[in-house]
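The values are calculated or read from the model by the stated rules, or taken from the named source; none is laboratory data. Fair warning: this is a prediction, and the values are worked out from it, not measured in the lab. Note that each Cβ is placed from the backbone with ideal geometry, even for glycine, and that neighbours are counted across all protein chains shown. Areas reflect the complete protein model, heavy atoms only, side chains present, ligands, DNA and RNA absent. Shrake-Rupley method; radii C 1.70, N 1.55, O 1.52, S 1.80 Å.
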Amino acid sequence: MHFTIQASDPQSKARTGVLTTDHGPIRTPIFMPVGTAGTVKAVHQRELVDDVRAEIILGNTYHLYLRPGLDVLAKAGGLHRFNGWQRPILTDSGGYQVYSLSGTRKIKEEGVTFKSHIDGSKHIFTPEGVMDIQRIIGADIIMAFDECTPYPCDYGYARASMDMTHRWLTRCIQRFDSTEGTYGYRQTLFPIVQGSTYKDLRQQSAEFIAEQQREGNAIGGLAVGEPAEEMYGMIEHVNAILPSDKPRYLMGVGTPENILEAIALGIDMFDCVMPTRNARHGILFTTQGVINIKNEKWKDDFSPIDEELEGYAGTFYSKAYLRHLIRSEEILGAQIASLQNLTLYLWLVEQARQQIMAGNFVKWKDGITKKLMQRL
């Protein structure tokens, strides 16, 4: 993997570049649609390419490990061949599921034992095992196994968790560097900065992660309930330490406003379930603002969903028709809304890249953020 910075904004830390993988280039800053179980929910691969214009998608280690299972993925030749996606893929490590399944898991130095949410069967994730699993899944970028702490989080717990995450990272690196990719193309490992919202812990973690000299780095444990200003403060502090010539990935973030502010702080990669999850509940992100399509005001509004975006979903279907579908719980409603939201998110980072190249990012960001986040 190779990362080249093409331009930097003169009034912020924003930058635009190209991340090159064996499955193709990724222009940064980039938003990565989340494909939890080998699919970006309700969106075809063709639509991801032609309409959304996604350049990389995510897979979820925990879910893919449980279903369809590693035997199926190995027989298929990896996730790329299984789901037909020919561009880059990133897989998380299962660390966030460890966080979210707090009632059915136990964390020890060896790893994490947990019960399947599907059938209650018991499993264990270790740093070494998670590397092996992600080798079989076959993602271009794989994540180190970590613990995502909750918010608020006791300082003592946050520190102990961070220290364990660092020890797990050492084991991940040893396993990753002693093994080869399964399918003949290169994979790369990203470590994850932790430390909750404690500045000194974030500094220690960022320094430790930077010392590993991997090809990219991630920031985890944010967007878990803390105020946005605390999140931005942690990002700024960590990015001052992480190497500037490596891509920086902010995990699980967020709203269009969050993304634009984080780009200004030097973040290059984003993912979040928000565009597709909100879509299934009738919340649309558009170039004009946020729409709750279930509201009565859209009942007889036959104008396009988002004509300015020029995406297929936004220009072909009307607000009234989408409202009818969503309220009727028709599957097509979730498809149209998901396509609209993802198209908006990828349009947004494309616009950000253009504005960074033009040296006008901050002025543009300040103007468009208010417009995008207003409730219509």
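Near LEU90, once Lys and Arg are set to +1 and Asp and Glu to -1 for all other residues with Cβ below 12 Å from its Cβ, the sum equals -3. When a/c is below 1.5 the answer is rounded, else prolate if a/b is larger than b/c, else oblate, so apply that to the range 295-341 with a ≥ b ≥ c taken from the square roots of the Cα gyration tensor eigenvalues. It is oblate, given that a/c is not under 1.5 and a/b is not larger than b/c. Based on the convex hull around the alpha carbon atoms, the range 181-319 presents an average projected area of 11.4 nm².
Electrostatic bookkeeping for SER178 treats Lys and Arg as +1 and Asp and Glu as -1; over the other residues with beta carbon under 12 Å from its beta carbon, the sum is -1. Residues THR126, THR113 ordered from highest to lowest accessible area at a 1.4 Å probe: THR113, THR126.
Counted by Cβ distance under 11 Å from ARG105, the other residues give a net charge of +3, where Lys and Arg count +1 and Asp and Glu count -1.
Between ILE124 and SER244, the modelled label-to-label distance comes to 4.5 nm, taking each label 7 Å out from Cα in the direction of the beta carbon.
Highest mean packing first, where packing is the average number of other Cβ atoms within 10 Å per residue, the peptides 218-225, 128-135 line up as 218-225, 128-135. With both residues required to sit in the range 243-376, DSSP beta bridges show an antiparallel share near 65%. Computing the accessible area with a 1.4 Å probe over protein heavy atoms, can you report the carbon and sulfur percentage for the chain? That share works out to 49 percent.
Placing R0 at 35 angstrom, the Cβ-Cβ distance between LYS108 and LYS75 gives a FRET efficiency of 0.60 after rounding to 0.05.
In the context of the full set of protein chains, residues of the range 107-177 present 41 Å² of accessible surface per residue (probe radius 1.4 Å, heavy atoms only). Counting every C-alpha pair in the range 170-210, the share spaced more than 11 angstrom apart comes to 70%.
Can you give the calculated 222 nm mean residue ellipticity of the chain, where each DSSP H run of n ≥ 4 adds -39,500 (n - 2.57) and the sum is split over every residue, rounded to the nearest 500 deg cm²/dmol? Using -39500 (n - 2.57) per qualifying helix, the result is -12500 deg cm²/dmol.
Extension gain for the segment ASP301 to ASP22, taken as residue separation times 0.36 nm less the Cα-Cα distance, is 95.8 nm to one decimal.
Taking a span of 24 Å or more along the helix axis (Cα atoms) and a mean Kyte-Doolittle hydropathy of at least -1.0 as the rule, the DSSP H helices of the chain that qualify are 155-177, 331-358. Quick check: from the Cα gyration tensor, does the range 240-376 come out rounded (a/c under 1.5), prolate or oblate? Prolate is the answer for the range 240-376, as a/c is 1.5 or above and a/b outweighs b/c.
A 1.4 Å probe over all protein chains sorts PHE114, PHE302 by accessible area into PHE302, PHE114, starting with the largest.
[x] 161; [y] 182; [z] 132: which one is volume of the Cα convex hull per residue in Å³ as calculated from this entry? Calculated volume of the Cα convex hull per residue in Å³: the matching label is [z]. Its residue count N sets the reference 2.2 N^0.38 Å, and the alpha-carbon radius of gyration of the range 1-115 equals 1.27 times that reference.
Measuring with a 1.4 angstrom probe and ignoring ligands and nucleic acids, THR315 comes out at about 60 Å² accessible. Rolling a 1.4 Å probe across the protein heavy atoms gives the range 231-376 an accessible surface of 41 Å² per residue.
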